[in-house]
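Report on the following structure.
The values are calculated or read from the model by the stated rules, or taken from the named source; none is laboratory data. Predicted model only: the values in this text are computed from it and were never measured. Here Cβ is always computed from backbone atoms with ideal geometry, including for glycine, and neighbour counts include all displayed protein chains.
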Amino acid sequence: MTTMQDNYKGSLTLKERTNIDTFVHSGESVRQAAKSADVPYGKARGYVEWSEKALPDLLPPPPADQPAILIFDIETTPSQGWFWGHSIYKVNVIDIIEHWFMLSVAYKWLGQDEVGYFGLSDDPHWTGGSTNDSYVVKRLHRLLDQADIIITQNGDKFDVKSANTRFLKHGLGPTSPFQSIDTLTESRRYFKRESHSLKYQARFSGIEEKRSNSGLQLWFDCMDGVPEAWEEIKGYNVQDVVVTEELYLELRPWMGTPGKKGHPNLGHWVYSDEVTCPNCASDRLAKRGRHRTKVSVFQTYQCKECGAYSRSRLRDPQRTQADNVHLV
């Protein structure tokens, strides 16, 4: 089997590269690691940049002529701090003594079967009690950098902002732009359910349910490096991605109906003269009446694949001068 190290074309030896990895993962800067490993800084910098881009253990995205739609979910630790007060519901935090960090990420590319996962326990340099999450953060950065569209549950407020925070911490910078679909936001936009949580939405719709877990102690055990805890959180993390994908596919026909906020237009990735569904890119469309704005009329279509409604980009021609609509 070919490994990432086998693909390295630079002049550093395997021992030198291993030493650099060890020093960087222990928290040293690349310049410090180069000095500790007794190698030129430029070569160390080049190796670190190459290794951050390679990451061969990630599932490959779809081909360039298809939209790269990434479904993902992250797990983080709680923050630790000092607080005043005697009520857990009314807390005045004095100071943060340990900031939260990232534990794991589960993900899959829409339309592909395999679900990917990586966590701190996969990092050969990580040991229980360490807060260095660079192994997870760098891989998540690479994933988001490849995505055209992301799908999450509460990702706009939690997953994306959490990811950006750790990218900033590790000096990675922003990823290339992507469009976001948040199933929590879309559920709230179209439905009046008692709860819009992933667990309740799955139960309401009769799809495979979110997996339960053993509670807060699970996160503490993962932070301490307990192997059984890591197996449990992996199953929990992966199942959230599976459920989110099913939920998205159920919600998709509702997103971006004419006159509503739009679903990202997948037709931009289809090079065809045919009219395509913006939600799933199918060309199996049926005409379904007209959509009328204040000044124009458009042909409306319904997709025979996903059920979504859309409208033509071109307005219907006005028959006579008298048909013109004038705003007052």
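Would you check if Asn132 is in the same structural domain as Leu218 (by TED's automatic domain parsing), more than 20 Å from Tyr248 (Cα to Cα) and under 12 Å from the mean Cα position of the chain (by Cα)? The answer is no for Asn132. For first residues located in region 254-277 and within 21 Å of Pro63 (Cβ to Cβ), partners that are modelled with pLDDT under 80 and lie 6+ apart or on another chain with Cβ distances below 6 Å form the pairs Thr276/Val270.
Looking across Tyr236, Tyr248, Tyr271, one residue alone is aromatic (Phe, Trp, Tyr), farther than 19 Å from Ile71 by Cα and surrounded by fewer than 21 Cβ atoms within 10 Å (Cβ to Cβ). It is Tyr271. Taking every residue in region 99-127 that is not assigned by TED's automatic domain parsing to the domain that holds Phe23 and pairing it with any residue that is among the small types (Gly, Ala, Ser) and loosely packed, with under 15 Cβ neighbours inside 10 Å, at least 6 positions away or on another chain, the pairs with Cβ-Cβ distances below 8 Å are His99/Ser79; Trp100/Ser79; His125/Ser26. Take Leu184 and tell me if it is within 18 Å of the chain's Cα centre (by Cα), farther than 29 Å from Tyr135 by Cβ and in a helix (DSSP H, G or I). In short, no. Scan region 183-223 residue by residue and report those that are under 17 Å from Glu75 (Cα atoms) and among the charged types (D, E, K, R). Selection gives Lys199, Lys210, Arg211, Asp221. Which one is surrounded by the fewest Cβ atoms within 10 Å (Cβ to Cβ), of the residues in region 175-233 that are modelled with pLDDT of 90 or more and of a type in the set (Val, Ile, Thr)? Applying the filter and picking the extreme gives Val226.
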